[in-house]
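Note sheet for the following structure.
The values are calculated or read from the model by the stated rules, or taken from the named source; none is laboratory data. Nothing here was measured: the structure is a model prediction, and the numbers come from that model. Please note: Cβ atoms are built from the backbone with ideal geometry, for glycine as well, and neighbour counts cover all protein chains shown.
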Amino acid sequence: MIYGDGTSSRDYTHVDDIAHALQLGLEGDVPGGTVLHWPTGRGALLTGDVIQVVMDRRWVSFMYSYPNYIPLSAASVRQIVDVVRPLPFDRIYGALNDGGVFVNAEQFRCATPERHKFHHERWVTRVRELGAGDRDLTAALERMKFDRAATLQALEERNIHFFVVDAPAEAFGPLAAALRGRDVLLFNATAEEDSLRRDLCAPELVHTFPSLAMRMDALAQYLVSRKWRDILVLEGPLAADAVMTAAFERSTNKFGARIVARRRFKPGNDPRERDQNNPRMLSATNRDYDAVFIADGAFDFARQVPYRIVRPRPVVGSIDLEPVAWHWTWEHNGAPQVHSRFGARASGRHMEGTDWATWIAVRMVVQAALRTRSMDFRAQRDFILAGAFDGNKGLTVSVRPWDHQLRQAILLASPYAVVASAPVEGFLHRIHELDTLGDDEPDSPCRLGK
């Protein structure tokens, strides 16, 4: 075996291992999908063109056709992962990218919402560049959505009523339409889009992951509490960056901060575009500012901003100080016990926001079954929608009746410490302190409780 750095090693493969590799290739539901498992030592996985190491070598991708950039459905991906997960290995060697290696491959981790948006938009662009029309693109996306809805319908027929959903925002519309009026409750544990809470407004959905509005409100509260009211905004080129900036602007208006300048950046090193890719030039403004907010879903430019701006100011948003649902350094309210239990079951991986949102969803279902002492779905659903639960973040969490968003504290965290939690002291609400974060009932277009 020759590795990407030029080193090599010799090993011997038993015929049973080769037979097992061929069996793995036949077990997937994707024709031609083949995986070779190399069991010697710590183990390795040699993949074909279905599981593929992406360019940054930290993630894997799943495609039905790589030459045409046609993705697999969520159901197909999960089936492949279920087949591969039990195998002992710590590296994946890709077939198409030179030197592609996925380190610590025993953990299949989902990307952040910002990262998903970035790669989804890039996929759409590449598909169009290859000549695919709107009809082809729509058909591919619809097939993925149909697979999710069909899977949940099949599970409901088996008397399964509660689902934790890890899917992009565009998947929830078809899911809600397919399951409207059924005895199901879907917990959104990964999608932060405000449109799911405002426009979709589905009674079958409960959002345990905080909305973008909640995160930006938490950040604005903290900035105002520190008297950092004048903000310089650096906005990236993605549509997700514009959405994040708009949400932050709404929060600054809500809590009395000001955006003194708004600059668009363009990642890259082209000297002809240094006015758009140089942090010093972007931050050189006539008006002074107290902090720099950066919206960079791709995390391609944000990492260059701290310590490189003209004035010595804190950087918040996509880097340095971020509003998150959970952070591994949170040490209050029983959080260390939650961390240790999670780490023991996740090979030492730190618990993140989507992990917390999934955990609290399961906890709410378990508490509903224990407290109601009933197997009736409607009794359990009513308890979930009306009850209060300990989320190990201080104030108890509960579901807002008007948009089914879970009320919760937001942690303001640097990479290695939680700096504060929101709601910040001094920001009051006439009914519930947690409703200072996100869409309050009078401001929300969703009226599920009416």
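Tell me which residues, restricted to segment 398-421, are among the hydrophobic types (A, V, I, L, M, F, W, C) and within 24 Å of residue 362 (Cα to Cα).
Going residue by residue through segment 398-421, those that are among the hydrophobic types (A, V, I, L, M, F, W, C) are 399, 402, 406, 409-413, 417-420.
Correct list: 399, 402, 406, 409, 410, 411.
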Residue match in segment 263-281 (condition: of a type in the set (D, E, K, R), at pLDDT 95 or above and closer than 30 Å to residue 428 by Cβ): no
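Quickly run through segment 440-450 and pick out the residues that are closer than 22 Å to residue 244 by Cα, assigned to a loop (DSSP other than H, G, I, E, B), in contact (Cβ under 8 Å) with a residue 12 or more places away in the chain and out of contact with any Cys (no Cβ under 8 Å at 6 or more places or on another chain). Even if it seems obvious, please write down each step before you answer.
As a first pass, look at segment 440-450 and keep what is closer than 22 Å to residue 244 by Cα: 440-441, 443-446.
Subsequent filtering for residues that are assigned to a loop (DSSP other than H, G, I, E, B) retains 440, 444-446.
Narrowing the set further to residues that are in contact (Cβ under 8 Å) with a residue 12 or more places away in the chain leaves 444-446.
Within segment 440-450, 444 is the sole residue that qualifies.
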Residue that is farthest from residue 335 (Cα to Cα) [pool: residues in segment 401-414 that are touching a helix residue (DSSP H, G or I) at 6+ places or on another chain (Cβ under 6 Å) and either assigned by TED's automatic domain parsing to the domain that holds residue 447 or in a strand (DSSP E or B) (or both)]: 405
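For segment 157-262, which fully contained strands (runs of 3 or more DSSP E) count at least 3 residues that are more than 23 Å from the chain's Cα centre (by Cα)?
Numbers: elements: 162-165, 185-188, 205-207, 230-235.
Answer list for segment 157-262: 230-235.
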Among (1) surrounded by 14 or more Cβ atoms within 10 Å (Cβ to Cβ); (2) at positive phi; (3) of a type in the set (D, E, K, R), the one test that residue 373 misses: (1)
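Is it the case that some residue within segment 355-372 is of a type in the set (Asp, Glu) and out of contact with any helix residue (DSSP H, G or I) (no Cβ under 8 Å at 6 or more places or on another chain)?
No, every residue in segment 355-372 fails to be of a type in the set (Asp, Glu) and out of contact with any helix residue (DSSP H, G or I) (no Cβ under 8 Å at 6 or more places or on another chain).
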Pairs, first part of a helix (DSSP H, G or I) and of a type in the set (A, V, I, L, M) in segment 415-435, second surrounded by 11 or more Cβ atoms within 10 Å (Cβ to Cβ) and at pLDDT 95 or above, C-beta under 6 Å, six or more apart: 434/407
Lone unmet requirement of (1) surrounded by fewer than 16 Cβ atoms within 10 Å (Cβ to Cβ); (2) β-branched (Val, Ile, Thr); (3) in contact with a Phe, Trp or Tyr (Cβ under 7 Å, 6 or more places away or on another chain) for residue 362: (3)
Single condition residue 252 does not satisfy, out of (1) modelled with pLDDT under 95; (2) surrounded by 17 or more Cβ atoms within 10 Å (Cβ to Cβ): (1)
Number of the condition not met by residue 275 [criteria: (1) touching a residue at least 24 places away in the same chain (Cβ under 8 Å); (2) farther than 23 Å from residue 250 by Cβ]: (1)
Restricting segment 376-400 to residues that are assigned to a helix (DSSP H, G or I) and touching a His at 6+ places or on another chain (Cβ under 9 Å), the residue that is surrounded by the fewest Cβ atoms within 10 Å (Cβ to Cβ): 377
Matching entry among 247, 191, 220 (being outside the structural domain of residue 438 (by TED's automatic domain parsing) and in contact (Cβ under 8 Å) with a residue 40 or more places away in the chain): 247
Selection from segment 356-396 of residues that are of a type in the set (Lys, Arg) and without any contact (Cβ under 8 Å) to a residue 40 or more places away in the chain: 363, 371, 373
Hits in segment 405-443 (condition: farther than 25 Å from residue 322 by Cβ and either modelled with pLDDT of 95 or more or surrounded by 15 or more Cβ atoms within 10 Å (Cβ to Cβ) (or both)): 441
